[in-house]
Amino acid sequence: MPLSSKAIPSALALLLALSAAACGDSQQAAAPAAAPIEVTTFTVQSADIPLSTELPGRTAAFRVAEVRPQVSGIVLKRLFEEGSEVKAGQQLYQIDPATYQAAVQSAQADLVKARATLKSVEAKAARYAELVKINAVSRQDYDDTVATLDQAKAQILVAQAALETARINLNYTKVYAPIAGRIGKSSVTEGALVTANQTTTMATITQLDPIYVDVSQSSSELMRLRRAMAAGKVREDEGAVVTLTLDGSNLPYGETGRLQFSDVTVDPSTGAVQLRAQFPNPNKDLYPGLFVRARVEQGVRPGAILVPQQALVRNADGSAQVWVVDADNKVAPRPVVTGQAMGDRWLIDDGLKAGERVVIAGLQKIRPGTPVTPVDAAPATSAAAPTAGQH
């Protein structure tokens, strides 16, 4: 049936539309598949990692000796320079010894007198011992002589003790340094009167090498570490290493210290436990009372998994995930449980194992199942030694 003049344009338009659709389907079918996306990956490895905590603290002297007089008298000489280093046993002061020398001489005389008395009584007792056998003296007289002999022997011991005390007091007129260290200012000068066991110190000696560093750690952190050790997740580090940074400086102290002990009581006002470390201080760079920051290695995490921080993605709910590249070079998200930050790395408690590859660059271009071309991270990025951070 012939088409009307009005139907011819509609038919032509339909034919053109069908032809265009056919051409579009043909072009779509011929379009090549999308090329894999190039991403930078990090191959997960396990290693024994020391766990460390950065804690505030203060330095404290290894030994402090307050020098006080043991006898009374006038100070004749000061035999040291203020602020200098002194040795143990070095004489520091000389107190007037005149009265104490006289006391020694008097005690010596008393000892000589006691010995002379003993000789006389011994001779008398020997004679009475023979006479009592023939009843030339009474038994009572003999017993009295024996008692007098014992008293004379006791008097010898008293005189010897008095002489020793006098000599000790004479020796105390020379005031010696009880320890080696740096001595501060002198509180007395020549001509000053000092008294035995006075409360005011004559001088103070401080031993600076080695030196202590006292730090405080939260009891909750310490208990968490102890529980991890008990569960076998962390191995205790014997003789834990401690490094130091001075307050207001980013430069580390040149010497390495060792943890000495952890206190067994918790400060009720702060909820903290005190730890003490000992540091060599050969150049006397550290003084007591300095505020410092100490990094304490308190354990070793065997077989720890560390990933670069840029590999970790935080979800809206705060959970963490990484993108893992499988054997077919396709990516998929993987939830992980993170531990502490260690420098530019995260410690992974659960979710990854050694040998797996995670994406650290190109995350914004990938979706689940996306084929990728993995490129291993440069050695400086993948093998950088981690630095432990705070718990």
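The values are calculated or read from the model by the stated rules, or taken from the named source; none is laboratory data. Note that the structure is a prediction, hence the values are computed from the model and not measured. Neighbour counts run over all protein chains shown; Cβ positions are idealised from the backbone, glycine included.
Some values worked out for this structure:
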read-out	value
Residue that is nearest to the chain's Cα centre (by Cα) [pool: residues in region 105-141 that are more than 30 Å from LEU170 (Cβ to Cβ) and among the charged types (D, E, K, R)]	GLU122
Failed item in (1) at pLDDT 95 or above; (2) within 21 Å of LEU244 (Cβ to Cβ), with ARG63 passing the rest	(1)
Selected residue [within 30 Å of THR199 (Cβ to Cβ) and not assigned by TED's automatic domain parsing to the domain that holds VAL213] from ARG127, ARG139, ARG167	ARG167
Region 281-304, residues that are crowded, with 18+ Cβ neighbours inside 10 Å and outside any strand (DSSP E or B)	ASN281, LEU286
Among (1) in the same structural domain as SER120 (by TED's automatic domain parsing); (2) of a type in the set (Ser, Thr, Tyr); (3) loosely packed, with under 15 Cβ neighbours inside 10 Å, the one test that SER187 misses	(1)
Whichever residue in region 319-350 is surrounded by 19 or more Cβ atoms within 10 Å (Cβ to Cβ) and more than 41 Å from the chain's Cα centre (by Cα) and, among such residues, is nearest to VAL300 (Cα to Cα)	VAL325
Some residue of region 96-111 being surrounded by 14 or more Cβ atoms within 10 Å (Cβ to Cβ), of a type in the set (A, V, I, L, M) and more than 30 Å from VAL194 (Cβ to Cβ)	no
Whichever residue in region 239-261 is part of a loop (DSSP other than H, G, I, E, B) and modelled with pLDDT of 80 or more and, among such residues, is nearest to GLN278 (Cα to Cα)	THR256
Count - residues of region 363-380 that are assigned to a helix (DSSP H, G or I) and over 12 Å from TRP323 (Cβ atoms)	2
Failed condition for LYS353, given (1) touching a helix residue (DSSP H, G or I) at 6+ places or on another chain (Cβ under 6 Å); (2) within 14 Å of SER46 (Cβ to Cβ)	(1)
Residue within region 125-137 that is surrounded by 12 or more Cβ atoms within 10 Å (Cβ to Cβ) and of a type in the set (S, T, N, Q) present	no
Test result for VAL372, touching an Asp or Glu at 6+ places or on another chain (Cβ under 9 Å), over 17 Å from GLN45 (Cα atoms) and surrounded by 15 or more Cβ atoms within 10 Å (Cβ to Cβ)	yes
Qualifying residue in region 351-368 (condition: closer than 30 Å to SER216 by Cβ and either modelled with pLDDT under 85 or crowded, with 16+ Cβ neighbours inside 10 Å (or both))	no
Filter result (of a type in the set (A, V, I, L, M) and part of a strand (DSSP E or B)) within region 331-362	VAL331, ALA332, VAL336, VAL337, ALA341, MET342, LEU347, ILE348, VAL358, VAL359, ILE360, ALA361
